[in-house]
Amino acid sequence: MSAPTVLVLGAGGSIGSALVRELLPDHHDGRLRVVGSARRADVLRSLSSSGVEARHLDLNDAELHGLAPVLDVVRGVTLVVLITGYHVQMLAQSKAVIDAAKAAGVAHIVHVGVSAEPDTTVVHFAWHQLIEAYIERSGMGYTHLWPAAFMQNLPLNINPAAPGVLTSYVGDARTNWVDARDIAAAAAVVLRDPKAHGGVGYHLAAEAASYPELAGLLAEITGQPWRYRSGEPDEFYRNMVAAGGDPVYAACVRNVFERTRNGTLRDPDGVLPILPRLLGRPACTLRDLIEERRDDFRYDASPEQVG
């Protein structure tokens, strides 16, 4: 019997690229056949050079050309990993993938969503939950992965013009964090035995930490002064839109920051044991990530510049 074929959508992103790397031993040993899709030519070349099949897919094409471009990519696939960017088009794009997957006879979809309460009113969290509801009514097997905030995004809170300053917009609130590579590892566990994980969702979080705690951890590991600056959520919105970000998504994130800061939005409780149990090993911690990338967090500046 031939090995199941796994299609990783968004194979050039932080989760998708890590998942392809995670599955390479399975691919080379013939346990799974890995296919990666992406829009960018450089990502497709990288996939091919790693020994997996690369398929071009721009989900925007479905709006202009119907399901045909998506069907071409999902044909012959057993398992689909659905990873999308954050924008309102993700709803229609995900629907196109689900419809094409069903038409092509895909057996199981692994959807990467977000860690949130089932009755969330946060707009971009609800987008994920609507996609998941559509997957569930499709009749295909499914597993939902619900990650917390990515540890890899921590450098986005550091302005190179202000060395030693960690900025965020959630005050002193403690939030959950997960390494994107552990999200990929969790997806790989599911893909190796999808029936064992069918019809369920997993919150993926390694630990909770506040930004003041993170500033202290950065100082300890780098041996340099760090402090936390608590900004206003509207500052984030203005900066993101000015940089060309989607105003709809930027407003959603601003609202999450505001509600996290005032205590009306919290991460789901009791979820931290799930990830290590699923992986069969301890989850990567913030300390692990910062120590691994210590040189990236160090800066060339005198202490006076961060006072």
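Annotations for the structure displayed:
- For HIS28, the solvent-accessible surface with a 1.4 Å probe is about 120 Å², rounded to the nearest 10.
- Size of electric dipole in the range 78-143: Cβ of Lys, Arg +1 and of Asp, Glu -1, about Cα centre, debye, nearest 20: 220
- Across the protein chains, with a 1.4 Å probe defining accessible surface, the residues GLU63, GLU22, GLU132, GLU232 rank GLU63, GLU232, GLU22, GLU132 from largest area downward.
- Share of carbon and sulfur in the accessible area of the range 114-222 stands at 55%, probe radius 1.4 Å.
- When you restrict to C-alpha pairs under 8 Å that are six or more residues apart and normalise by the size of the chain, the relative contact order lands at 17 percent.
- The HN-Hα couplings worked out from phi for the range 135-143 by the Karplus form 6.51 cos²θ - 1.76 cosθ + 1.60 (θ = phi - 60°) are 4, 5, 7, 6, x, 7, x, 8, 9 Hz, whole numbers, x standing for Gly and Pro.
- Principal axis extents of the Cα atoms in the range 67-175, from largest to smallest and rounded to whole angstrom, are 52, 31, 21.
- Between LEU24 and ASN262, the FRET efficiency estimated from the beta carbon spacing at R0 = 51 angstrom works out to 0.70.
- Between the Cα long axis of helix 247-262 and the first principal axis of the chain there is an angle of about 50°, rounded to the nearest 10.
- The solvent-accessible area of ARG21, taken with every protein chain present and a 1.4 Å probe, is close to 140 Å².
- Heavy-atom accessible area for ASP42, with the other protein chains in place and a 1.4 Å probe, reaches approximately 70 Å².
- With the cut-off at under 19 Å, measuring from each backbone N in the range 203-236 to a point 7 Å along the Cα-to-Cβ line of ARG287 picks out 205-224, 226.
- Take every Cα pair under 8 Å whose residues are at least 6 apart in sequence, average their separation, divide by the length of the range 23-122, and the relative contact order is 21 percent.
- Accessible surface, 1.4 Å probe, highest first, among residues ASP182, ASP99, ASP300, ASP295: ASP300, ASP295, ASP99, ASP182
- Accessible surface of the range 53-94, 1.4 Å probe, proportion on carbon and sulfur as whole %: 55
- According to the Kirkwood relation over distinct C-alpha pairs, the hydrodynamic radius of the range 107-238 is 16.8 Å.
- P(r) tail, the range 204-307: Cα-Cα pairs separated by more than 23 Å, 50% of all pairs.
- Once the chain from LEU91 to SER138 is taken as fully extended at 0.36 nm per residue, the excess over their C-alpha distance is 15.4 nm.
- The residue list GLY12, ALA68, ILE290 was ranked by how far each Cα lies along the charge dipole of the chain toward its positive end, using unit charges on Cβ atoms, and ALA68 comes out on top.
- Size of electric dipole in the range 164-221: Cβ of Lys, Arg +1 and of Asp, Glu -1, about Cα centre, debye, nearest 20: 320
- Pair-distance profile P(r), taking every C-alpha pair of the chain, with 20 angstrom steps and integer %: 31, 57, 12, 0
- Heavy atoms of the protein chains alone define the surface here; on that basis the range 237-307 has 62 Å² accessible area per residue at 1.4 Å probe size.
- The stretch between ALA103 and ARG31 holds 23.4 nm of extra length on full extension. This uses 0.36 nm per residue minus the Cα-Cα distance.
- Hypothetical label at ALA3: residues of the range 35-62 whose amide nitrogen lies under 18 Å (7 Å Cα-Cβ projection): 35-37, 47-55
- Computed from point charges on the beta carbon alone (+1 for Lys and Arg, -1 for Asp and Glu), the dipole magnitude for the range 18-168 about its Cα centre is near 300 Debye.
- A 1.4 Å probe run over the range 70-120, with the rest of the protein chains in place, finds 36 Å² accessible per residue.
The values are calculated or read from the model by the stated rules, or taken from the named source; none is laboratory data. Nothing here was measured: the structure is a model prediction, and the numbers come from that model. Using ideal geometry, Cβ is built from the backbone for each residue, glycine included, and neighbour counts are taken over all protein chains shown. These area figures cover heavy atoms from the full protein model, side chains too; ligands, DNA and RNA do not enter into them. Shrake-Rupley method; radii C 1.70, N 1.55, O 1.52, S 1.80 Å.
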